[in-house]
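Undergrad: Let me give you the structure first, and then I'll get to my questions.
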Amino acid sequence: MINKIAMALLAIAGFSHTANAVEVIAYSPPFEANKQATKIHYQPLDTASKPWKLCAVYPHLKDSYWLSVNYGMVEHAKKLGVELKVLEAGGYPNLDKQQSQLVDCRKWQADAIILGTVDSLAYENMLTQLTEDIPVFATINYLDTTDQDSHDNVIARVGIDWYEMGHLTGQFLAKRHPKGSGMVNVALLPGPQKRGGTKPVVQGFYDATKDSDIKIVTTLWADHSKELQRNLIQQLLASEQHFDYIVGGAVAAEVAISELRTKHLSGETQILSTYLSHGVYRGLLRGKILFAPTDKMAQQAMLSVDQAVRYLEGKPLNKDLAPILALLTPASLDSDAIAESLSPAEFRPVFHVEAP
């Protein structure tokens, strides 16, 4: 089984080197609440006309989700022949640090900034102050652009509605336990309470399960770190309450596997993840995790780099893009979706890509 996992992850390595178009969602008009979604075949660039300087800012690199974002950006930057500088804030609570990193990008004289924000409202009426006239490209996490300052500075974005990730997870569980089938208890561990996409995930999950026999007994919040999530899982398992399911972010799901095994509860409590990671993928392969949607983070990262270069070179630009979500179970592991999601097993964070 371990060899199977390793081979599957290694096979991912060639994803960004293909010149083939990828099927994605394009929204029009971009950024608008009433925008319409259209499936398109998006053709990534093969090369850049000059070694543009791109500065990418992430919330953190604590888990393999953002590691896979890093991979997607690094590989496409190498392919295009542009320079890429990567900064990470160290966690969703670190807004001040991320703001200072935007200033660092400006001082580095970046041609464009790719921003994975720690908070959707973090930069209201602030981007000009931090980035001056450098174009900003929002990636992965939703960045509100309703204020004039953000509207003027954010050129394009790539990202999904995290409500949908929670809704799909809840929908999967609700189909297993429709109303009248017998109540089951769920513990929900979505991640940090005030940052990232966790609140939409929770709302989506609640909405999808409200007319089923799913009882959400408790919701526990903490940043996406193994130590903090492990503390929450141990707190759950030390209580008198029985849980049929633990539903959480990828870090919580990964930790839950080992904690349930230690307590000899693997057969009593099942695990669902609200997004994909390497550990969640291994859990799906081994039948330890029941379900996870993927928003194809490596593909999203590639698209963000491509958007930035297209804008800098005055080429046609889709300003509002999203991947097509894929639903994964132990019995249904789409190899293309995995390849568009995860970095290879041997990949390690890269903070600087030199232009050739």
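The values are calculated or read from the model by the stated rules, or taken from the named source; none is laboratory data. It should be emphasised that the depicted structure is a prediction, and the values quoted were computed from it without experimental measurement. Backbone-built Cβ (ideal geometry, glycine too); neighbour counts: all protein chains shown. For the accessible areas, the whole protein counts, side chains as well, though only heavy atoms, and no ligand, DNA or RNA atoms are used. Shrake-Rupley method; radii C 1.70, N 1.55, O 1.52, S 1.80 Å.
Undergrad: Is there any pair with a first residue in the stretch 23-37 that is at positive phi and a second that is in a loop (DSSP other than H, G, I, E, B) and loosely packed, with under 13 Cβ neighbours inside 10 Å whose Cβ atoms are under 9 Å apart and which are 6 or more apart or on different chains, and what are they?
TA: Listed pairs, sorted by first residue: F31/T146.
Undergrad: Here is a further query. Report whether or not R282 is of a type in the set (D, E, K, R), over 14 Å from G72 (Cβ atoms) and touching a Pro at 6+ places or on another chain (Cβ under 8 Å). Don't jump to the end; show me each part of the working.
TA: Details: of a type in the set (D, E, K, R): yes; over 14 Å from G72 (Cβ atoms): yes; touching a Pro at 6+ places or on another chain (Cβ under 8 Å): no.
It is false that R282 is of a type in the set (D, E, K, R), over 14 Å from G72 (Cβ atoms) and touching a Pro at 6+ places or on another chain (Cβ under 8 Å).
Undergrad: Now for a separate question. Mind checking whether some residue in the stretch 174-194 is touching a helix residue (DSSP H, G or I) at 6+ places or on another chain (Cβ under 6 Å), of a type outside the set (S, T, Y) and open to solvent by 30 Å² or more (accessible area, probe 1.4 Å)?
TA: no
Undergrad: For the structure I just gave you, tell me whether L143 is open to solvent by 10 Å² or more (accessible area, probe 1.4 Å) and either of a type in the set (A, V, I, L, M) or not in a helix (DSSP H, G or I) (or both).
TA: So L143 fails the test.
Undergrad: Right, another one. List the pairs whose first member sits in the stretch 43-65 and is closer than 13 Å to A308 by Cα, whose second member is modelled with pLDDT under 95 and assigned to a loop (DSSP other than H, G, I, E, B), and whose Cβ atoms are under 7 Å apart, counting only residues at least 6 apart or on separate chains?
TA: P51/A355
Undergrad: Scan the stretch 158-178 and give yes if some residue there is assigned to a loop (DSSP other than H, G, I, E, B), over 16 Å from the mean Cα position of the chain (by Cα) and of a type in the set (G, A, S), otherwise no.
TA: No, the conditions are met nowhere in the stretch 158-178.
Yes or no, residue by residue, for (1) open to solvent by 20 Å² or more (accessible area, probe 1.4 Å); (2) touching a residue at least 40 places away in the same chain (Cβ under 8 Å); (3) not aromatic (F, W, Y):
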| site | (1), (2), (3) |
| --- | --- |
| T218 | yes, no, yes |
| L237 | yes, no, yes |
| F243 | no, yes, no |
| I246 | no, yes, yes |
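Undergrad: Moving to a separate point now. If I filter the stretch 246-267 for residues that are touching a Phe, Trp or Tyr at 6+ places or on another chain (Cβ under 6 Å) and more than 20 Å from K215 (Cα to Cα), do I get at least one hit?
TA: Yes, some residue in the stretch 246-267 is touching a Phe, Trp or Tyr at 6+ places or on another chain (Cβ under 6 Å) and more than 20 Å from K215 (Cα to Cα).
Undergrad: Could I ask something else about it? Given the condition over 30 Å from A292 (Cβ atoms), surrounded by fewer than 18 Cβ atoms within 10 Å (Cβ to Cβ) and among the acidic types (D, E), answer yes or no: does some residue in the stretch 154-166 qualify?
TA: no
Undergrad: Also, I was wondering about something else. Being open to solvent by less than 50 Å² (accessible area, probe 1.4 Å), touching a Phe, Trp or Tyr at 6+ places or on another chain (Cβ under 6 Å) and small (G, A, S) narrows it down to one of G81, G116, G72, G91, so name that one.
TA: Sole residue among the options that is open to solvent by less than 50 Å² (accessible area, probe 1.4 Å), touching a Phe, Trp or Tyr at 6+ places or on another chain (Cβ under 6 Å) and small (G, A, S): G116.
Undergrad: When both residues are 6+ apart or on different chains and their Cβ atoms are under 9 Å apart, which pairs have a first residue that lies in the stretch 76-103 and is part of a strand (DSSP E or B), and a second that is open to solvent by 40 Å² or more (accessible area, probe 1.4 Å) and at pLDDT below 95?
TA: E88/K62
Undergrad: I've got another one for you. Sort out which residues of the stretch 290-326 are of a type in the set (F, W, Y) and surrounded by fewer than 20 Cβ atoms within 10 Å (Cβ to Cβ), and write them in order of number. Write out each step before concluding.
TA: Initial filter on the stretch 290-326 (of a type in the set (F, W, Y)): 291, 311.
The answer is Y311, and nothing else.
Undergrad: Looking only at the stretch 306-334, which residues are at pLDDT 95 or above and within 30 Å of I271 (Cα to Cα)? Outline the logic, then answer.
TA: Quick first cut of the stretch 306-334, residues at pLDDT 95 or above only: 306-333.
Scanning the stretch 306-334 gives A322, P323, I324, L325, A326, L327, L328, T329, P330, A331, S332, L333.
Undergrad: Does A256 fit the bill of being modelled with pLDDT under 95, among the aliphatic types (A, V, I, L, M) and in contact with a helix residue (DSSP H, G or I) (Cβ under 7 Å, 6 or more places away or on another chain)?
TA: no
Undergrad: Give the stretch 33-55 a look and list any residue that's open to solvent by less than 30 Å² (accessible area, probe 1.4 Å) and not aromatic (F, W, Y), or say none.
TA: Of everything in the stretch 33-55, those that are open to solvent by less than 30 Å² (accessible area, probe 1.4 Å) and not aromatic (F, W, Y) turn out to be P44, L45, A48, L54, C55.
Undergrad: Counting only residues that are crowded, with 19+ Cβ neighbours inside 10 Å and either closer than 27 Å to D144 by Cβ or of a type outside the set (G, A, S) (or both), how many does the stretch 327-343 have?
TA: Matching residues across the stretch 327-343 total 5.
Undergrad: Go through the stretch 94-149 and give me each residue that's over 29 Å from A222 (Cβ atoms) and of a type in the set (K, R).
TA: R106, K107
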